[in-house]
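Structure first, then comments.
What follows is calculated from the coordinates using simple rules that are stated; it is not laboratory data. Owing to the predicted nature of the structure, the values given are computational and were not obtained by experimental measurement. When we count neighbours, we look across all protein chains shown, and the Cβ atoms used for this are built from the backbone with ideal geometry, even at glycine.
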Amino acid sequence: MTATVMTADDIRRAVTRIAHEILERDKGAADVVLVGIADRGDDLARRLAAEVSRIERAEVPVGVLDITFYRDDIGLRAEAPEVHETRIAFDVSGKVVVLVDDVLYTGRTIRSAMDALMDLGRPRKIQLAVLVDRGHRELPIRADFVGKNVPTSRDDNVRVQVQEVDGSDAVTVRRVGDGEEGA
Amino acid sequence: MNEHLLSMHDVTAADVTRILDTAGSFREVGTRVIKKVPALRGRTVVNLFLENSTRTRISFELAAKRLSADVINFSAGGSSVAKGESLKDTALTLQAMGADAIVVRHSSSGSPLQLTRWVDAHVLNAGDGTHEHPTQALLDLYTMREKHGRLDGLRVAIVGDVLHSRVARSLSIGLVTVGAEVTLVGPPTLIPPEASTWGVQVSYDLDELIPKLDVCYMLRVQRERQRLEYFPSMREYARLFGLTSERAAMLPETALIMHPGPMNRGVEIDSDVADQPASVIEEQVTNGIAIRMALLYLLLGATGAGEAA
């Protein structure tokens, strides 16, 4: 069975709140840059940037980071993981980089993302914003900004849909044993 | 994707898209200050170059190093091959040393295929005799797609010594796979009789084609393979089939001038033509590294049957 844990309105409010929290934590938008992890993290990063700009009347640079080449499971899957594009048109050195992703799970993606960022420069700080934290970390990583904590079992399938890719906004959890194909 | 890259016959249109898209991401890596990613850390790539080649070997070496793989260069001179070791024994030695991929260049057509029967490693053909050179074809396809935004329906002339050119064969097959219109142009003695089975046109008149081309691809006159006299003189060849300034001026404004290198300036291409903006010969070299990174990544990044043994 599938349960909706966040509606489009919930997502909108969470993005607005996280934007406020970033500004509060980092004392304004100076030196703050947002880097979304492809795919879907980049769409959320753009929305956060728009909110931050609206609240603070300051432009916040947004980049897209592909972490495929930094994954720890290359060669362990039947097909090589699909590669997306990295587009970061600014220097991350000395900046407060807020990594943005849709779901925080094992923490391995974030580990890869930090390695990838370090190869691009030397950020002053790296923070992490996620829409959903579903638990089950395998590495000592935590998020600085969380849209919603969703308790799950390891077999559950958490799916984030965003307007830009999927045509609508929602977060759903599919419990095990319903016989449907996982996303 | 197959387990090996031996021939453009094995590469589907969907494979071409995947390889070119992946190469696009690696192009971006090549623009960074740190041009290296850890994707193939701990893997071993052997460059087995039993026929002389500096450009292709350096390109593969750089590609593997930018993926953090360990690279071993093995060439004919000064190695056990010079002492009379057979290809099979060389292959088994590399296998015993744990090579994950073998990039092979050999003067005998078909030797990469033979190699796959002896080793578990992924085999990449970097040019075998007068047979094929698939990585060159793929980097050329990348360059054409980048500049024209498409491959389907592109009008491409491949001009010169088609007979001895593994580049011409691989590129023709690749272009036909993606739906381009290919015409082979050259003296009749240098067009292989079986070319008609490749799905391409053949012409002996370059001037007639020039104004309609999207890509004018010049092949190197392979003097080292000219054991027989295929044409009366270099001067006559240059006059009939060379890309002179006058001919280049007749090309459409958007047309590309390409050459796999190394060039014989003044023979198949005039020196000032090679240096004009329509010529993308240097970009082909840059794209070559990205294409080879993509191929190594796609082949080694999956659990192929080759690792199961």
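Counting Lys and Arg as +1 and Asp and Glu as -1, each charge on the Cβ, what is the dipole of segment B:134-284 about the Cα centre in debye, to the nearest 20? The partial results should precede the final answer.
Working: 15 positive and 21 negative charges, 80 e Å.
Roughly 380 debye, rounded to the nearest 20.
Hey, got the dipole for the protein assembly as shown? About the Cα centre, +1 on K and R Cβ, -1 on D and E Cβ, debye to the nearest 20?
Working: 58 positive and 70 negative charges, 246 e Å.
Dipole magnitude for the protein assembly as shown comes out near 1180 debye.
How do B:ILE34, B:ILE210 rank when sorted from fewest to most other Cβ atoms within 10 Å of their own Cβ? Write down the numbers at each step before the final one.
Numbers: B:ILE34 11, B:ILE210 21.
Ordered by Cβ neighbours within 10 Å, fewest first: B:ILE34, B:ILE210.
What is chain B's relative contact order, in percent, from Cα pairs under 8 angstrom and six or more apart in sequence? Numbers along the way, then the final one.
Working: 578 pairs, mean separation 64.0, N = 309.
Over chain B, the number comes to 21 percent.
Helix-only estimate, please: 222 nm mean residue ellipticity of chain B, summing -39500 (n - 2.57) across DSSP H runs of length 4 or more and dividing by its residues, to the nearest 500. List each step's numbers first, then the result.
Details: 11 runs with 114 residues, N = 309.
Estimated from H runs of four or more residues: -11000 deg cm²/dmol.
Name the most mobile residue of B:ASP270, B:ASP140, B:ASP128, meaning the one with the largest mean-square fluctuation, in a Gaussian network model of chain B with Cα contacts below 10 Å.
So, out of B:ASP270, B:ASP140, B:ASP128, the one fluctuating most is B:ASP270.
Work from the charge dipole of segment B:134-284 (Cβ charges, +1 for Lys and Arg, -1 for Asp and Glu, about the Cα centre) and give the residue of B:ALA195, B:LEU209, B:GLY261 farthest towards its positive end.
With unit charges placed on the Cβ atoms, the residue in question is B:ALA195.
Let me confirm one metric for peptide A:67-74, namely the mean number of other chain beta-carbon atoms within 10 Å of its residues' beta-carbons.
Numbers: counts 1, 6, 14, 4, 3, 2, 1, 10.
Taking the mean over all residues of the peptide, I get 5.
Are there GluC sites (Glu not before Pro) in segment A:3-95 that DSSP puts in a loop and that have at most 16 other Cβ atoms within 10 Å, and which ones?
Working: sites: A:GLU21, A:GLU24, A:GLU51, A:GLU56, A:GLU59, A:GLU79, A:GLU82, A:GLU85; in loops: A:GLU59, A:GLU79, A:GLU82, A:GLU85.
Filter output for segment A:3-95: A:GLU59, A:GLU79, A:GLU82, A:GLU85.
Computed FRET efficiency, Cβ-Cβ of B:GLU236 and B:ARG150, R0 45 Å: what is it to the nearest 0.05? Walk me through the numbers on the way to the answer.
Values: r = 37 Å, r/R0 = 0.81.
E(calc), rounded to 0.05, equals 0.75.
Largest first, please: the extent of the C-alpha atoms of the protein assembly as shown along each principal axis, to the nearest Å.
80, 53, 45
Longer than 20 Å from Cα to Cα, which of A:LYS125/B:LYS35; A:LYS27/A:LYS95; B:LYS35/B:LYS65; A:LYS27/A:LYS125 are they? Say none if no pair is.
Exceeds cut-off: A:LYS125/B:LYS35.
Within a 10 angstrom radius of each residue's Cβ in B:34-40, how many Cβ atoms of other chains show up on average? Whole number is fine.
The shielding value for this peptide is 5.
Hey, fewest Cβ within 10 Å first, where do B:ASP120, B:ASP161, B:ASP275 land in order?
Working: B:ASP120 17, B:ASP161 25, B:ASP275 12.
If I rank by nearby Cβ atoms, fewest first, I get B:ASP275, B:ASP120, B:ASP161.
Rg and Dmax of chain B, using alpha carbons, in Å: what are they?
Considering chain B through its Cα atoms, Rg and Dmax are 19.3, 58 Å.
Taking loop as defined by DSSP and a crowding limit of 13 other beta carbons within 10 Å, which chymotrypsin sites (Phe, Trp or Tyr not before Pro) in segment B:177-221 fit? Spell out each step's value before the answer.
Values: sites: B:TRP198, B:TYR204, B:TYR217; in loops: B:TYR204.
Here the chymotrypsin sites (Phe, Trp or Tyr not before Pro) that fit, given the DSSP loop and packing criteria, are B:TYR204.
How many partner chain Cβ atoms sit within 10 Å of a residue's Cβ in peptide A:102-112, on average, as a whole number? Kindly include the intermediate steps, with their values, before the conclusion.
Numbers: counts 0, 0, 0, 0, 0, 0, 0, 0, 0, 0, 1.
Averaged over the peptide's residues, the number is 0.
Put one equal scatterer on each alpha carbon of chain A, apply the Debye formula with no solvent term, and list log10 I(q)/I(0) at q = 0.08, 0.10, 0.17, 0.20 1/Å to two decimals.
Summing over Cα pairs of chain A leads to -0.25, -0.39, -1.13, -1.52.
What does the charge dipole of segment B:46-171 about its Cα centre add up to, to the nearest 20 debye, if the Cβ of each Lys and Arg holds +1 and the Cβ of each Asp and Glu holds -1? Don't jump to the answer; show the numbers that get you there.
Numbers: 14 positive and 13 negative charges, 68 e Å.
Using only the charged Cβ atoms, the result is roughly 320 debye.
In chain B, once you exclude exposed GluC sites (Glu not before Pro) (DSSP loop, at most 11 other Cβ within 10 angstrom), what's the longest stretch remaining? Intermediate values should be presented prior to the final figure.
Values: sites that count: B:GLU229, B:GLU253.
Of all site-free stretches, the longest is B:1-228.
Can you show me the helix-derived [θ] at 222 nm for chain A, built from DSSP H runs with n ≥ 4 at -39,500 (n - 2.57) apiece and divided by the number of residues, rounded to the nearest 500.
Details: 4 runs with 51 residues, N = 183.
Computed ellipticity for chain A at 222 nm equals -9000 deg cm²/dmol.
What list do you get for B:MET293, B:MET263 if you sort them by fewest beta carbons within 10 Å? Mind showing how you got there, number by number?
Working: B:MET293 30, B:MET263 17.
Ascending Cβ contact count within 10 Å gives the list B:MET263, B:MET293.
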